[in-house]
Amino acid sequence: FVGAARSFWSATADGNDSAIGGAASRLSSPASRKLYTYIGTSPSFAAPASLTSHPLASSNTSITNVPTMLNVANDTERAALFDFIRGLDPADGSERKSVGDPIHSSPRLATYSCITANANNSSLCDKDDQAAFIGTNEGFVQAFNTDTGAELFAFMPQELLPNIKKLKENTQTNTSTNPRPYGMDNPVTLWVNDANGDGKILNSPGSSSPQSGEFVYAYATMGRGGNGLYALDVTDRNSPKLLWYINQQTAGFAKLGQTWSAPVKTKIKVGSTVTDVLVFAGGYDDNQDDVKVRTADALGNALYVINAKTGALIWSASTEAANAASAGHRHMSKMLYSMPATVRVIDLQMAPTGTLVADPDRLADQLFIGDMGGQVWRFHIHNGSTGTALITAGGTGNDGVFATAIPASYASLDLEGQESNLRRFYNEADVALLKKDGKLSLSVNIGSGWRGHPLNTDAQDRFYSFRTSNLTDSNGSEGTLTEDDLLDVTTNLAPTTDDQVYFDLSDDRAKGGWYISFGSTSGEKVLTRALTAGSKNTVFFSTYE
C-alpha cells in the first residue's frame with residue numbers, strides 16, 4: 001500500500017505498516033476493556049455461565065498464582081500480568097494498543113440488526129450492526145464492531161492463562177525448550193440462527209433482546225494452542241455466556257488432539273428428530289511435527305458428531321474398540337493417523353432411478369476428510385437412523401478409506417528411505433459434482449504437503465483429483481482409489497482419447513481421476529484447500545516452493 005493509504009478502522013494513514021492502525025488502534029483503555037475467562041468445570045447448556053462474572057482482572061480471586069494459572073511467585077507479579085494482558089506496556093506503563101497475531105484464523109461475521117435503513121428502499125440496509133469474531137495467539141477469541149473497529153469483548157480459556165507470563169516476558173532462547181506460545185489459533189465457527197429470515201437477530205438497533213427463537217452461537221477451537229472446543233452464546237455482546245466446553249478430559253473425547261479441525265455446523269436426522277450438529281475430526285497430534293516416516297498417532301485419529309446446542313456426543317469413530325459416552329461409536333481399524341483438517345460435509349441424495357432429488361431439509365448426507373497417513377476417508381449418513389447405523393463407512397468392505405496417496409509398496413510404518421512417498425493431508429477436501437455426456441461423478445480434490453516443515457524436500461508431494469461414479473453407495477462395494485486408478489498428468493496435459501477413461505468413467509469404470517506430481521527437489525507442496533468453481537468445473541489450488 002502507498003504510504004498515504006488509510007485503513008478503514010485507522011484514525012490516520014497507516015500505509016504498508018501492519019503494526020499501526022486497524023482494530024488494535026481502536027482498543028479502549030485497559031481498565032475499561034471487557035476481557036473474560038472462565039474458571040471451573042464445563043457448564044451445561046441449560047445453565048450457561050455468564051462470562052461477566054468471570055473477568056480477566058486482578059479482582060477475580062478465582063485466578064490464582066499457581067503454575068497452572070498465572071505461574072507467578074507473588075501478588076506484585078500477578079498485578080503486572082493483569083496490567084500487561086489488559087493493554088499496558090510493561091516498559092513504561094503506556095497503552096500498548098496491540099492485539100495478538102491470527103496466523104491460522106480469519107474473521108467470521110454475524111449481522112445483528114440494521115442501524116440505518118436505505119432512504120429509498122426500507123428493505124435495504126445502509127449500515128449494519130455487525131460483529132467480526134476472530135481468534136488470536138494472544139489467547140483471545142475477540143469480537144469487533146465492523147463499523148468502528150472497536151473491541152466488543154474478548155474471552156480467554158483458562159488453560160491459556162499461563163501464556164500471559166510468556167507473552168509479557170517476550171523471551172525466546174530456544175525453540176525446543178521454550179517454544180512459541182499459541183492461543184486460539186483457528187477460525188471461529190458461527191451459528192447465526194435468523195429464524196424468520198429477515199437478516200436481523202435483535203428486536204431493534206442497540207437492543208440486546210433477540211427476536212423469538214433467534215441467537216448467535218460461536219464455536220472456538222484452539223489450533224496449536226490446545227485441545228479444547230468452546231461454545232459461546234454471543235447473542236448479547238454486552239453479556240456473553242459460556243454454554244459448554246469439550247476437551248481431552250471430557251468423557252468420550254480421549255482421542256481429541258490439538259483442535260485444528262474447525263467444527264462444521266449442519267443438520268442430520270437422528271431417529272425422528274432433525275438435529276443441529278457439529279461435525280469435526282480429532283485434530284492434530286504434534287507427534288507429526290518430527291516424524292519422517294509414516295507413523296501412527298495416539299491422538300487426533302477420530303471423528304465426532306455432537307449436538308450443537310448441548311455438546312452431547314451423538315456419534316464417533318476411532319481405533320477405540322468402544323466409547324462408553326457414544327452409543328453410535330464405530331471401531332475403525334485403519335484410522336491410525338491424526339486428522340487436522342476441517343471435515344467436508346455434503347448434501348447429496350439420489351432417487352432409486354439414479355437421478356438427483358431435492359432435499360427440503362438440507363440434511364448432511366456424506367463426510368470426507370484426509371489424514372496424516374495420506375488417506376482420504378468417506379462416511380455415509382443415514383438420516384432417520386440412530387446409534388451405529390446413523391453413519392456408516394465407505395471404502396473397501398466399509399473400512400472407510402475412500403482413497404490413498406501412499407503406494408502399496410510402502411508396506412512398513414517405519415520404512416526408511418521411503419520419505420518421498422510419505423504424503424500428508426492437512427486441508428479440507430474439495431468435493432465437486434461433475435456431469436459429462438449425461439453421466440454424473442464426484443471429484444474429490446486435495447493436495448499433500450508437510451505443513452509442520454514447509455522447507456522440507458524429502459517428500460514428493462502431489463495434487464490429486466480422485467473421481468468416482470459411486471455417488472451415494474454405502475454398501476461397501478465402492479472400493480478404494482489408489483494412484484494406479486489415476487492418470488498422471490504431470491507432463492501429460494493433453495490426454496489422448498484412450499486416457500479419457502480416467503475422466504469419463506466410461507466402459508462401466510467406477511473410479512478414476514488424475515494427479516500432478518511436484519518437483520522432487522524443490523519441496524513444492526500444497527498448504528491450503530482447493531476450490532472447484534464455474535460452469536467449466538475449474539479447480540483452483542496454490543502451492544508453496
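Need the full-extension length gain, Asp290 to Ser204, defined as separation in residues times 0.36 nm minus the C-alpha distance. One decimal, nm.
25.6 nm
Output needed for the stretch 1-70: three equivalent-ellipsoid semi-axes, defined as square roots of 5 times the C-alpha gyration tensor eigenvalues, in descending order, whole Å.
37, 15, 11
Counting only Cα, what are the radius of gyration and maximum Cα-Cα distance Dmax of the stretch 58-115, in Å?
My reading of the Cα-based Rg and Dmax gives 16.4, 50 Å.
Take the Cβ-Cβ distance between Asn170 and Thr64 as r, set R0 to 30 Å, and report the resulting FRET efficiency rounded to the nearest 0.05.
Rounded to the nearest 0.05, the efficiency is 0.80.
Need one number for the stretch 345-452: average projected area of the convex hull over its C-alpha atoms, nm².
Averaged projected area of the stretch 345-452's Cα convex hull equals 9.6 nm².
Quick one: which of Lys267/Lys436; Lys200/Lys309; Lys255/Lys309 span more than 25 angstrom between C-alpha atoms?
Beyond 25 Å: Lys267/Lys436.
Among rounded, prolate and oblate, which fits the stretch 193-259 when a ≥ b ≥ c are the square roots of the eigenvalues of its C-alpha gyration tensor, a/c under 1.5 means rounded, and a/b larger than b/c means prolate?
prolate
How long is the gain from Arg362 to Ser32 if the chain were fully straight, where each residue apart is worth 0.36 nm and the alpha carbon distance is subtracted? Please report the intermediate quantities before stating the final value.
Numbers: separation 330, 0.36 × 330 = 118.80 nm, distance 4.38 nm.
Stretched fully, the Arg362-Ser32 segment lengthens by 114.4 nm.
Determine which lysines satisfy two conditions relative to Lys525: a Cα distance under 19 Å, and not lying fewer than 8 residues away in the same chain.
Result set, ordered by chain and number: Lys292.
Please turn the phi angles of the stretch 377-384 into ³J(HN,Hα) values with the Karplus equation 6.51 cos²θ - 1.76 cosθ + 1.60 (θ = phi - 60°), one per residue in order, whole Hz, x for glycine and proline.
9, 9, 10, 10, 9, 10, 4, x
So, in Å, what gap is there between the alpha-carbon centers of the stretch 464-533 and the stretch 378-407?
Taking the Cα centre of each part, the stretch 464-533 and the stretch 378-407 sit 20 Å apart.
Using modelled backbone amide H atoms (1.01 Å from N, in-plane), which distant-in-sequence or interchain residues come within less than 5 Å of Ile314's amide H?
Val305, Ile306, Asn307
Which whole number of Å³ per residue matches the convex hull of the alpha-carbon atoms in the stretch 222-299?
134 Å³
Express as a percent, rounded to the nearest 5, the fraction of DSSP beta bridges in the stretch 298-416 (both residues included) that run antiparallel. Walk me through the numbers before you get to the answer.
Numbers: 20 of 23 bridges.
Antiparallel: roughly 85 percent of the beta bridges in the stretch 298-416.
Which FRET efficiency value, to the nearest 0.05, is calculated for Asp498 and Gln249 with the Förster distance at 45 angstrom and r the Cβ-Cβ distance?
The formula returns an efficiency of 0.20 here.
What share of all Cα pairs of the stretch 304-348, in percent, falls into each consecutive 5 Å distance bin?
Once binned at 5 Å, the Cα pair distances of the stretch 304-348 give 5, 20, 21, 26, 21, 7, 1.
Which value in Å does the Kirkwood hydrodynamic radius of the stretch 420-481 take, with 1/r averaged over all unlike C-alpha pairs and then inverted?
13.6 Å
Would you check the accessible area of Lys255, probe 1.4 Å, heavy atoms only, in square angstrom rounded to 10?
30 Å²
Using 0.36 nm times the number of residues separating Asn118 and Thr52, minus their current alpha carbon distance, what extension gain do you get?
On the way: separation 66, 0.36 × 66 = 23.76 nm, distance 3.55 nm.
Gain in length upon complete extension: 20.2 nm.
Provide, in order from the shortest bin, the percent of all Cα-Cα pairs of the stretch 215-347 in each 10 Å bin, continuing until the bin that contains the maximum pair distance.
Using 10 Å bins, I get a P(r) of 13, 42, 33, 10, 2, 0 for the stretch 215-347.
In whole angstrom, and with the biggest value first, how far do the Cα coordinates of the stretch 273-382 range along each principal axis?
Principal-axis extents of the Cα atoms in the stretch 273-382, largest first: 47, 31, 22 Å.
Solvent-accessible area of Thr532, probe 1.4 Å, all protein chains present, reported in Å² to the nearest ten, please.
We get 30 Å² for Thr532.
Could you compute how fast the chain diffuses translationally, taking Rh as the Kirkwood radius over C-alpha pairs and applying Stokes-Einstein at 20 °C with viscosity 1.002 mPa s? Give it in µm² per second. Before the final figure, lay out the partial values.
Working: Rh = 25.2 Å.
Answer from the Stokes-Einstein relation: 85 µm²/s.
Which percent of the accessible area of the stretch 1-152 is formed by carbon and sulfur heavy atoms (probe 1.4 angstrom)? Before the final figure, lay out the partial values.
Working: 4160 of 7690 Å².
The C+S portion of the solvent-accessible surface of the stretch 1-152 is 54 percent.
Please report, as a whole percent, how much of the solvent-accessible surface of the stretch 251-345 comes from carbon and sulfur atoms (probe radius 1.4 Å).
The value for the stretch 251-345 is 50 percent carbon and sulfur by accessible area.
Taking Cα pairs under 8 Å and at least six residues apart, what relative contact order does the chain come out at, in percent?
Relative contact order of the chain: 8 percent.
For Ile39, what residues show an amide H to amide H distance below 5 Å, using hydrogens built from the backbone and excluding near sequence neighbours?
none
So, with +1 on the Cβ of K and R and -1 on the Cβ of D and E, and no other charges, what is the size of the charge dipole of the chain about its Cα centre, to the nearest 20 debye?
My answer is approximately 940 debye.
Hey, could you get me the Stokes-Einstein D for the stretch 79-209, Kirkwood radius over alpha-carbon pairs, 4 °C and 1.567 mPa s, rounded to whole µm² s⁻¹?
On the way: Rh = 17.1 Å.
Result for D is 76 µm²/s.
For the stretch 436-518, divide the Cα radius of gyration by the Kirkwood radius and give the resulting Rg/Rh value with two decimals.
Across the stretch 436-518, the Cα-based Rg/Rh ratio is 1.03.
How far apart, in nm, are the 7 Å Cα→Cβ label points at Ala298 and Arg6?
5.6 nm
Just the number please: accessible area per residue for the stretch 302-442, 1.4 Å probe, all protein chains included, in Å².
Each residue of the stretch 302-442 exposes 37 Å² on average to a 1.4 Å probe.
Over the Cα atoms of the stretch 380-512, what is the Rg over Rh ratio if Rh follows Kirkwood?
Value, to two decimals: 1.00.
Hey, for a label at Leu152 modelled as a point 7 Å past Cα toward Cβ, could you say which residues of the stretch 92-133 have their backbone N under 13 Å away?
108-115, 128-133
Please give the solvent-accessible surface of Asp290 in Å², to the nearest 10, using a probe radius of 1.4 Å with every protein chain present.
120 Å²
Run the dipole for the stretch 1-104 about the Cα centre, Lys and Arg Cβ at +1, Asp and Glu Cβ at -1, nothing else charged, and hand back the magnitude in debye, nearest 20.
My answer is approximately 340 debye.
Once a ≥ b ≥ c are taken as the square roots of the eigenvalues of the Cα gyration tensor of the stretch 1-149, is the result rounded (a/c under 1.5), prolate (a/b larger than b/c) or oblate (a/b not larger than b/c)?
oblate
So what is the accessible area of the stretch 1-80 per residue, in Å², with the probe set to 1.4 Å? Don't jump to the answer; show the numbers that get you there.
On the way: 4480 Å² over 80 residues.
On a per-residue basis, the stretch 1-80 sits at 56 Å².
When the accessible area of the stretch 427-545 is computed with all protein chains present and a 1.4 Å probe, what percentage of it is carbon and sulfur?
Carbon plus sulfur share of accessible area: 48 percent.
The values are calculated or read from the model by the stated rules, or taken from the named source; none is laboratory data. These numbers were taken from a predicted model, which means no experiment stands behind them. Cβ sites come from the backbone with ideal geometry, for glycine too, and all protein chains shown count toward neighbours. What goes into the accessible areas is simple: the full protein's heavy atoms, side chains included, and nothing from ligands, DNA or RNA. Shrake-Rupley method; radii C 1.70, N 1.55, O 1.52, S 1.80 Å.
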